[in-house]
């Protein structure tokens, strides 16, 4: 249907013109009123503002100082939280190092350890290594040497904690029996007393059960470090075993590092900050605050002699013990107190407080009041100029804004009509079955919402079709997976039934013969039938044992953890050799020399693995075949090789022989469940070993069981020179 020409009514205007005029009439009067009101308020209130400006600036400054103190305290909390987190990591690693057996330690590392004439055990020649100190107070024997070796595991972490955080001065572990391992290296022999008892120092006892029953990370008060690093605070955490408190780990922050951190704060008005410990001790006092507070910060300490007990800052550094700092003490104690005035060194100061979460410290920010008010006086002069400029700028802005508003409203009608037409065209495309349409954009929220709803509805219909198709595919996949699982179960049942059918047939046959001809059989015949019966029963037992071992392995994914004991190859090979001779009397068995090297294994599991490999070799060697068993020693491994003279394994099947239930094409007529090599591979893997198979067609197969050698250590009586020996069954000190 065609439309005729449009005739506008007399006096009518188009949409753009009507909207533009309406906007201008609506906006001009309020803007003029705003301008006049601003000028009137400015001139009437200027004198009042001048009088109140100083008080307002001071209040703003107080609020700013309070906010600054809280923000900077939060920043310090973040830095300390990271150190607290690193302390917890160090505690967990120390506990893990003590729980695990001692790792291999190089002779060069152990050569650093020497006994002092006073009986202490110390390190010499540090470089980029940790320092070690064992007090001779309790004696040093094999148990203590083993602890030293175990704790070498934490050396990389001690070094990384120091190198990755600029605040960290040193990190360490102290044991209950006065063993100290610390990084960076320091001369422990000259620094520590030979009979030092670390439990008497606050960086140890503040983490014990009495002072820290929650067993969490905590912070010490400021103290003088006996390791020679000067004044510091420490983040410490206990390391517990089921029996007792094994020790305490710590990360030290020097007072100098805290001062540098405080000095880095951007505090206006020539202000400065003071970091105060939870007991009121001023931990970090920057240079500008030393004269105001009447103390000099203890950044360094001259170690004329060893530090034999706790040494804390004097009482003159404690806010709570100085009457002249009572306002600061009140601000420190009262968590609800806001910024306060305090007179220091004859000057009025404004002080604000921020809480440092974690250690319970407080950050006090101080600024001279005269510096704050000097800016207020300057601000008073600037406000007059700013007020005049603002009035002029506001007038110009209104002129520009009205011109811009008129131009923008001219385009509004087009922004309303064009999208409506585009929406109509989109609806037509959707009706034609073309659902993938882009939503017309207009910039108007309601119109865009309408177009988006239409497009989403269309895409929802298309997605519904896709969802149905995807669900059909998923159902098909699930059915296929169910078919695969059922097939595996059927294979397992077929295998078990096949393996049981033959021996049960033999048992039944022997039983029938004995029932019919018991009085006619000779002793030799009876013995022969007995052997057949026992062989059939043994085969049933073997199938059951393999199935049960398979269930044990697959119950936990990789099997139960091995129960490690010391055993010899001969203890594993002998049972398999005897079983082979009984089951396969026609095979030739050749066993090479078995070394006397002890193994660290689960004997029960490893006998299953060896028996499975030997039985597999005998089974496929043939009636007149031979089986050879030998052991080779390598630097860090011992390998048991089992070779047979069978037909070998096809190259394309070699990668599958360790899969459960897999039997190669050459296994037809040979009894077996396809479980043996799978079990052996899982057991070797649980021991950190490997099962390797080498085969050539018509030239036999060799299966190698590779295990790591156990490592033992011997310590010389003269000093602390350690040597590692593979397979040794004793440790000497």
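Structure summary
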read-out: Residue within region 662-677 that is under 27 Å from residue 566 (Cα atoms) and modelled with pLDDT of 80 or more present; value: no
read-out: Test: residue in region 328-344 that is at pLDDT 85 or above, within 43 Å of the chain's Cα centre (by Cα), crowded, with 17+ Cβ neighbours inside 10 Å and not in a helix (DSSP H, G or I); value: yes
read-out: Residues of region 554-593 that turn out to be surrounded by 15 or more Cβ atoms within 10 Å (Cβ to Cβ), at pLDDT 85 or above and either in a loop (DSSP other than H, G, I, E, B) or outside the structural domain of residue 606 (by TED's automatic domain parsing) (or both), as a count; value: 1
read-out: Residues within region 284-306 that are modelled with pLDDT of 80 or more and on the phi < 0 side of the Ramachandran plot, tallied; value: 12
read-out: Spans of helices (runs of 4 or more DSSP H) in region 133-194 with at least 2 residues touching a strand residue (DSSP E or B) at 6+ places or on another chain (Cβ under 7 Å), surrounded by fewer than 21 Cβ atoms within 10 Å (Cβ to Cβ) and without any contact (Cβ under 8 Å) to a residue 40 or more places away in the chain; value: 155-163
read-out: Leading residue by the ranking (modelled with the highest pLDDT) among those in region 605-628 that are part of a strand (DSSP E or B) and out of contact with any helix residue (DSSP H, G or I) (no Cβ under 6 Å at 6 or more places or on another chain); value: 628
read-out: Filtered residues of region 634-659 (kept if closer than 14 Å to residue 705 by Cα and surrounded by 13 or more Cβ atoms within 10 Å (Cβ to Cβ)); value: 637, 638, 639, 640, 641, 642, 643, 658
read-out: Any hit, region 315-323, residues being surrounded by 16 or more Cβ atoms within 10 Å (Cβ to Cβ), in a loop (DSSP other than H, G, I, E, B) and modelled with pLDDT under 85; value: no
read-out: Filter result for the condition that a residue is surrounded by 10 or more Cβ atoms within 10 Å (Cβ to Cβ), under 41 Å from the mean Cα position of the chain (by Cα) and at pLDDT 65 or above, over 489, 471, 549, 528; value: 471
read-out: Condition broken by residue 101, with the remaining ones in (1) under 24 Å from the mean Cα position of the chain (by Cα); (2) surrounded by 13 or more Cβ atoms within 10 Å (Cβ to Cβ); (3) not in a helix (DSSP H, G or I) satisfied; value: (2)
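The values are calculated or read from the model by the stated rules, or taken from the named source; none is laboratory data. From a predicted model like this one, the values you see are computed outputs, not experimental measurements. Note that each Cβ is placed from the backbone with ideal geometry, even for glycine, and that neighbours are counted across all protein chains shown.
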